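Report on the structure given below.
The values are calculated or read from the model by the stated rules, or taken from the named source; none is laboratory data. A quick note: this is a predicted structure, and the numbers were derived from the prediction, not measured. Neighbour counts run over all protein chains shown; Cβ positions are idealised from the backbone, glycine included. Quick note on the areas: whole protein, heavy atoms, side chains included, nothing else; ligands and nucleic acids left out. Shrake-Rupley method; radii C 1.70, N 1.55, O 1.52, S 1.80 Å.
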Amino acid sequence: MSSSFEIKLDEQDSEKLKQCLTDIIKYESQICCRNALKMLEFEICPRLNDDAIFYVLTNTSIVVDESKMNNNRALDDFLLSYISSDDFAEICRERACTCLKTLLGRLRFDDKEDDDGMTRRRGNAVLLGYAQSSLNKFIPICVNRLSSTMPTSSTIMPSGGCTPVERSEEIRLLLIQIVLQLVQLLGSEMTRPVATSEELETVVSKLCLELPRSSLLDPYPELKQESCNLIKILCQVFPQCVQKHAETLLTPLVGRTITKVNGEKGVVESNSSDASLAIEKDFASSLQMSTSVNTLLRHRHSKIRCIALETVAVVLTCTGSYKYNGEVHDDLDGAVDRILFQVLPNVEPLGPFDKSTSVRIKLSQMVCSHLGLLLEGLMDNGAETPLKVKYTVAGLLILHLMCVSDASEIVQETAQKNSRELVSTYHLGYNGISKLIRQHANSILHTLLDRIVHGRAVEHKKRYLDAFSSMLKHLTMSSALVDGFELPKCFHVEMKSIVSMLCDAFNSEEKCMYESAIHAAASMGFNLESRKSALGIILASIGSPNEIKKDISPIIVIDEKDESKLILSSPRHFSTMLCVISSLLRGMLDSTNIDHEDTLIGVMKISSSAAREKIIEAIYESEDTAFSLLDVLNVVTLWCKKYMTLNNEHSLSSIDIIFQTNLFCCMHLLGGKHSLRLATSTRNLIALTCTSDLRPDAVSPPDLLDPTYNN
């Protein structure tokens, strides 16, 4: 901004400018004032340079009022007086806003070095001072015009809220846009955040309090969007103000803070690992999801939901840490509280299930932003991670797993890209996210089980089940690098609950749940440790002497007499359990440890259990059980084929035993009352069992059968 201002207009245009400004200042009629503002905005200002625009806005001597009532007042003062009062017609208030917005949009800091560097610095200092003083004057006007009137029968809006002082939604939008321009102007010259006066911080704080009460709740979508843009730039220029009012600003974006948590012992520290497992399990189920309704995250327009998530990410980043006056201000504890008790309870029930792919992409970006904030704070802190932070990281990782397992490939790719950037930025190492998931596996597992078992919406339960599958894949990757294929202790502790959960999913009448259960069980089958643990419970349960009953609940429960087993008491129980077994085996087919000795022993146990009397009895009662058994036999046969290609000269006797058991089961399948629908598939399986592809010394089924089975 130069020290001298040159208005490049000829004499005729100069007179036009003076007459225009005179008409604006005198306000003899609304039409005359409106036309003058329109002329200034569209005809005169485009012909002025930036310095001249500043001169027109701020100079008090362009027009001398003969009445001397308006002397020593600049044009911007007159525009502000029009905007702030209902004494002037709406059309004039709107035109005054658009004119002021246009003029402010032309102001620029001089970024070129003149021969005299002092000229540049002096000019920029003038403009910087003008931006600060304008904010001091304009924000109170904006807050007043946006605030609601006292509710009366004539001021109640259709949406149920009170009517703001400024009735015109177009003018309310312009008010926010003008503040946005001034804040951007203020932040564009100085190193952000800008050193500001206490008076200016006070008025900005008032704005931070008013936005959640007015413009963010306004029914006008564009006003909501611009208000979010304003909050994001306030986070950069006035972080100290945003940090003070973070909870208030987040409430209309995502929802209220969860203030009551069932089971307060969930936040107690403990040195015992077993006690810690119990505490995290209790805490995972105690955090309730919010039911906040009137929030931007529930808005009907996806673009509003997207910008809401963007704004949440920026506000939380500002809340956690910011620089001001050369000093770093940290509030990691405050950021954790906001994420754990406000963001997660409100975002988790909505974000991952949003119909818009764009919203789910923004969710992934927000999650990685929050994770980065916490990781940076923990690295700087250096102390042991508090439990509250662990819960917060676990909650964010659950959302990340849901994004990674999203039905949309674009969301999956974005989530993976964001995680790679996070790993690179914070030097987490190869498979850093997988290792992070392993560190917080206890909280993640208990939360996922709670959501799957107690969830009401099928779509929600399916998504959490998919996240469970993704978690297992991450743990398998990290365990292969860290400590063999060992799973975290919590998986072994909760394996009965996991198997029971999978059985419930297989029992679901919804196809999507059944398919997700297959993928989840296959993910468990891929990992040697999880497969062994699950099969140990399943096979022990099949071998328990429980009476077979037809009319019994399909839900499989844990045996109170022996907590290491599940009670299987109906053909449907056996059908679902066989589905779990076949899915585990399918996962095993894709694993790298297919030729492991424990794997052969496990398959032999499965084959033997499949021929147990209770299952044979169940296939005569239930067609579903018969089909499930046939599926298990098919997968076992495929495993034998793959196993023998790797171990052609070994374990043929063990494979023969498996084949004998399979053929015994096939004979019962052909002899049952459901044999007509099973006949073709069963005969094909028998033919495959005896083919030379599987056994070099192929024999006929009767010769292969053991005399014990023939009896």
Accessible-area ranking of H400, H427, largest first, probe 1.4 Å: H427, H400
Two-site label geometry, E169 and H454: point separation in nm, points 7 Å out along Cα→Cβ: 4.0 nm
Separation in nanometres of the label points that stand 7 Å from Cα toward Cβ, at H427 and T645: 4.5 nm
Amide H partners (placed H, <5 Å) of L566, local residues excluded: S541, D559
Additional length obtainable on full extension of the chain from S133 to L209, 0.36 nm per residue less Cα span: 25.3 nm
In nm, spacing of pseudo-spin labels at Q19 and Q240 (7 Å Cα→C-beta vector): 5.1 nm
Full-extension gain in nm, A540 to S675, via 0.36 nm per residue minus C-alpha separation: 45.7 nm
Within the range 123-147: backbone nitrogen closer than 14 Å to the S81 label point (7 Å, Cα to C-beta): none
Order of exposure, largest accessible area first, which applies to I31, I601, I538 with probe 1.4 Å: I31, I601, I538
Local net charge near S405, Cβ-Cβ under 11 Å (Lys/Arg +1, Asp/Glu -1): +1
In Å², nearest 10: area of E421 left accessible to a 1.4 Å probe: 90 Å²
³J(HN,Hα) computed for each position of the range 411-424 - Karplus, 6.51 cos²θ - 1.76 cosθ + 1.60, integer Hz, glycine/proline x: 5, 4, 5, 5, 4, 5, 5, 4, 5, 5, 5, 5, 4, 5
Global geometry of the range 458-543, whether rounded, prolate or oblate, following the gyration tensor of its Cα atoms and the 1.5 cut on a/c: oblate
For Y130, solvent-accessible area (1.4 Å; no DNA, RNA or ligand), Å²: 20 Å²
Rounded FRET efficiency, nearest 0.05, which uses the C-beta distance separating K489 from S148 and R0 of 45 Å: 0.25
By accessible area with a 1.4 Å probe, ligands and nucleic acids excluded, highest first: order of R677, R531, R106, R305: R677, R106, R305, R531
